[in-house]
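Participant: Okay, handing you the structure first.
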Amino acid sequence: MLPTSRVVSVLLMGVGAALLVAGALAPRVIQEDSRLPLDLGELTWTVRDDTAESMVLADPNRPVVTTPVVRQTHLTLEEPSSEEAVMARVGTTQLRESRQEEAQRLISAQVWSYGVNRVTGRGTGPAVLSQQLASPTEEVAAPGVWWKFPSPVAEQGYEVFDETLRGTAPASFEGVEEREGRELYHFRQVIEPTNVARLYPGVFNTTDFPEAGEGEDGRGFLFHSATRDYYVDRASGLVVDLRERIDDYYGTADGTKREQVLAFDGRLEPQQSEDLLAAAQRVADRPRVGVWSWAGIGFGVALVALGAIGALRPGRR
């Protein structure tokens, strides 16, 4: 029968070996980065302009009215999901806050469904797009960075998705600020007037100018331009504040403005910014295994060494 000291030494070596293995494997098993958690919940970005100008496209006369306009983006994460990606469902609406009928108050509504990389925020494949005014769904190239930037965010420019263009446009790094103890990176995206009709077909991408004179081209084309300021949580990559200035209009082929479609200048509602900061905190509060991994390895080595000394020490005679 082995002496008690030998038994204790063997047990120490076993526990030490287990700690050694656990410490070595922990960084591979536990996800340490600020990837999107599957239980993130629903997120909403609401940007409002109380004096926006918008064309009532549902009215045959297409008048331009000045009323509050709300642009809203609503996100849910759905199945299927994996360690690397998850299905995102992003619903966007533009709505007038006026006393018109609902059909005339609604400017646009779209739903984007696509796989998104949980770390980079980029689409992993084509998106399925559905619109309220065109029932068939469309397959669109994968959105790039949109409501989440790669985490951790770097001090560099990014290609950021624009829904109207159905593509990306560069956003430059502008600086760093701190808000509620979190480090935010400021990016600015400037989109020069772009002929949307040349990018893809759409019901409202072209029009006819009834007042066109003889010999003039009476066709009009939808032009889109925008300036956006994104404030992005550095650790999680979530957009936590946003300002949008949009100028959409019908113009001639050379870009000359003829009819205003949307003139909008709004900022994210303060309460939502606070909610998004709280969500960013939850995303960033992931297990940090580096220190504990090395501590486990060190403690395991010490126990193995101590057990080996006890096991190899000559017994008393």
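Just so it is clear, none of the values below were taken in a lab; they were calculated from the coordinates. The model shown is predicted, which means the values in this text are computed figures rather than measured ones. Ideal geometry is used to build each Cβ from the backbone, glycine not excepted, and the neighbour counts take in all protein chains shown.
Participant: To the nearest 0.05, how large is the calculated FRET efficiency for His186 and Arg245 if R₀ is 25 Å and r is the Cβ-Cβ distance? Intermediate values should be presented prior to the final figure.
Facilitator: Working: r = 15 Å, r/R0 = 0.61.
Once rounded, the FRET efficiency stands at 0.95.
Participant: For the range 193-209 and the range 236-262, what is the separation of their Cα centres, given in Å?
Facilitator: The range 193-209 and the range 236-262 have Cα centres spaced 13 Å from each other.
Participant: Additional query: Could you give the nm distance between label points at Leu199 and Glu174, where each point is 7 Å from its Cα heading toward the beta carbon?
Facilitator: 2.0 nm
Participant: Can you pull out the GluC sites (Glu not before Pro) in the range 67-161 that DSSP calls coil and that have at most 11 other Cβ atoms within 10 Å?
Facilitator: Sites meeting the loop and neighbour criteria: Glu83, Glu101, Glu155.
Participant: Turning to a different aspect of this structure: Please report Rg over Rh for the range 47-165, where both radii come from the alpha carbon positions and Rh follows the Kirkwood definition.
Facilitator: Rounded to two decimals, Rg over Rh is 1.04.
Participant: May I pose another question? Go through 147-154, 190-197, 161-168 and give me the packing order, highest mean Cβ count within 10 Å leading.
Facilitator: On the way: 147-154: 21.1, 190-197: 16.5, 161-168: 18.6.
Highest to lowest by the protection proxy: 147-154, 161-168, 190-197.
Participant: For Gln260 and Glu211 in one chain, what is 0.36 nm times their gap in residues minus the Cα-Cα distance, to one decimal in nm? Don't jump to the answer; show the numbers that get you there.
Facilitator: Numbers: separation 49, 0.36 × 49 = 17.64 nm, distance 1.53 nm.
Full extension of this stretch gives 16.1 nm more.
Participant: So, one more: Once label points are set 7 Å from the Cα along Cα→Cβ at both Ser82 and Ser130, what is their separation, rounded to one decimal in nm?
Facilitator: 2.5 nm
Participant: Taking θ as phi - 60°, what are the ³J(HN,Hα) couplings along the range 60-71 by the Karplus curve (6.51, -1.76, 1.60), each to the nearest whole Hz, with x for Gly and Pro?
Facilitator: Values per residue, Gly and Pro as x: x, 7, 6, x, 9, 10, 9, 8, x, 10, 10, 10 Hz.
Participant: Could you list log10 I(q)/I(0) for the range 98-208 at q = 0.18, 0.21 Å⁻¹, which the Debye formula gives when each Cα is one point scatterer?
Facilitator: The computed values of log10 I(q)/I(0) come out as -1.04, -1.19.
Participant: Right, here's the next one. Which length gain, in nm to one decimal place, applies between Thr92 and Arg62 when the Cα-Cα distance is subtracted from 0.36 nm times their residue separation?
Facilitator: The Thr92-Arg62 span can extend by a further 8.6 nm.
Participant: Can you tell me what percent of all Cα-Cα pairs in the range 208-278 are more than 21 Å apart? Could you put the intermediate results ahead of the total?
Facilitator: Numbers: 1187 of 2485 pairs.
Above the 21 Å cut-off, the range 208-278 has 48 percent of its Cα pairs.
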